[in-house]
Amino acid sequence: MSLPDGVERRSFGGGEWLATEGDPVYGEPTAGGWRRWDPRRSKLGAMLEDGMDTGLEGGETVLYLGAAAGTTASHVADFAGPTYAVEFAARPARELLEAAEPRSRLFPLLKDARKPETYAHVIEPVDVVIQDVATRGQAAVALANRRFLREDGRLLLAVKARSEDVTRDPDAVFESVLGDLREGYAVRETRSLTPFHRDHLAVVAEPR
Ligand code: SAM
């Protein structure tokens with residue numbers, strides 16, 4: 001699968017890595033203005049590294065749910081269009097604000113992704129919802145935020161099994177999350193993110 005415009009494979013002294021062009025955020029190696037995008041630290045990075053058909057071309061409007069300190073959201077804002085980054089924990093959100101400082105397209109929102117009505121007034125319709133929230137009810141979060149997604153848009157979701165139920169078999173958790181998700185989305189592709197992220201399932205879906 002082709003990479004989005006603005007994401008390239010570049011050499012960082014020892015192998016080729018995904019990279020985006022922008023200011024560094026988490027101590028990642030840089031070369032000539034490009035920053036290494038580590039798939040072990042980013043579910044979306046792992047999806048691209050694995051060759052999943054994310055549909056990303058570059059320049060899209062993005063709603064990013066579960067931005068944490070902005071590790072992945074900053075890479076996204078390097079190649080996408082306006083990127084609205086929702087994070088509800090104050091501590092990582094402070095670092096997210098720092099990551100946003102040199103990025104005119106990254107808009108941090110200290111909000112709860114389970115309550116989209118609290119940020120509906122600042123978000124425009126988006127081409128892509130990227131979701132990586134470590135919370136129970138990950139399908140419910142995706143369904144609640146479907147309202148922002150254009151009809152021809154995409155959901156790129158990383159499901160963390162342990163956030164749903166630490167005691168259940170991850171595959172059973174994934175089946176149950178996918179079942180709930182199908183209430184509002186058509187699932188196009190799923191893939192395990194092992195070995196980059198243990199017990200995580202990547203999902204590409206479209207609203208229906
Ligand atoms: N996506 C990030 C990255 O790659 O840089 C890492 C995200 S981390 C695995 C999950 C994040 O989801 C945490 O920072 C957590 O605070 C956030 N989160 C969990 N529940 C949330 C909610 N209801 N609303 C917003 N953020 C939430």
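Test Thr135 against the criterion of being touching a Lys or Arg at 6+ places or on another chain (Cβ under 6 Å) and more than 16 Å from Val76 (Cα to Cα), and give yes or no.
Considered against the rule, which asks whether it is touching a Lys or Arg at 6+ places or on another chain (Cβ under 6 Å) and more than 16 Å from Val76 (Cα to Cα), Thr135 comes out as no.
Determine, yes or no, whether Arg188 is away from the ligand (no atom under 16 Å from the Cβ) and within 12 Å of Ala205 (Cβ to Cβ).
yes
I'd like the full set of residues that are assigned to a strand (DSSP E or B) and either closer than 13 Å to Ala142 by Cβ or at pLDDT below 95 (or both), limited to the stretch 173-201.
Tyr185, Ala186, Val187, Leu201
Output the qualifying pairs, or none if there are none: Cβ atoms under 8 angstrom, residues six or more apart or on different chains, first residue in the stretch 110-136 and more than 30 Å from His197 (Cα to Cα), second residue near the ligand (Cβ under 9 Å from one of its atoms) and assigned to a loop (DSSP other than H, G, I, E, B).
Thr118/Lys111; Thr118/Asp112
Please list, ordered by residue number, the strands (runs of 3 or more DSSP E) wholly in the stretch 17-131 having 2 or more residues that are open to solvent by less than 10 Å² (accessible area, probe 1.4 Å) and within 13 Å of the ligand (Cβ to nearest atom).
62-65, 83-87, 126-131
Across the stretch 153-169, which residue is nearest to Ser42 (Cα to Cα) among those that are touching a residue at least 12 places away in the same chain (Cβ under 8 Å) and away from the ligand (no atom under 16 Å from the Cβ)?
Arg154
In the stretch 136-148, is there at least one residue being more than 14 Å from the ligand (Cβ to nearest atom) and either open to solvent by less than 10 Å² (accessible area, probe 1.4 Å) or modelled with pLDDT under 95 (or both)?
No, the conditions are met nowhere in the stretch 136-148.
The values are calculated or read from the model by the stated rules, or taken from the named source; none is laboratory data. Just so it is clear, the model here is predicted, and its values are computed rather than measured. When we count neighbours, we look across all protein chains shown, and the Cβ atoms used for this are built from the backbone with ideal geometry, even at glycine. Side chains are part of the model used for accessible areas, which takes the heavy atoms of the whole protein and leaves out ligands, DNA and RNA. Shrake-Rupley method; radii C 1.70, N 1.55, O 1.52, S 1.80 Å.
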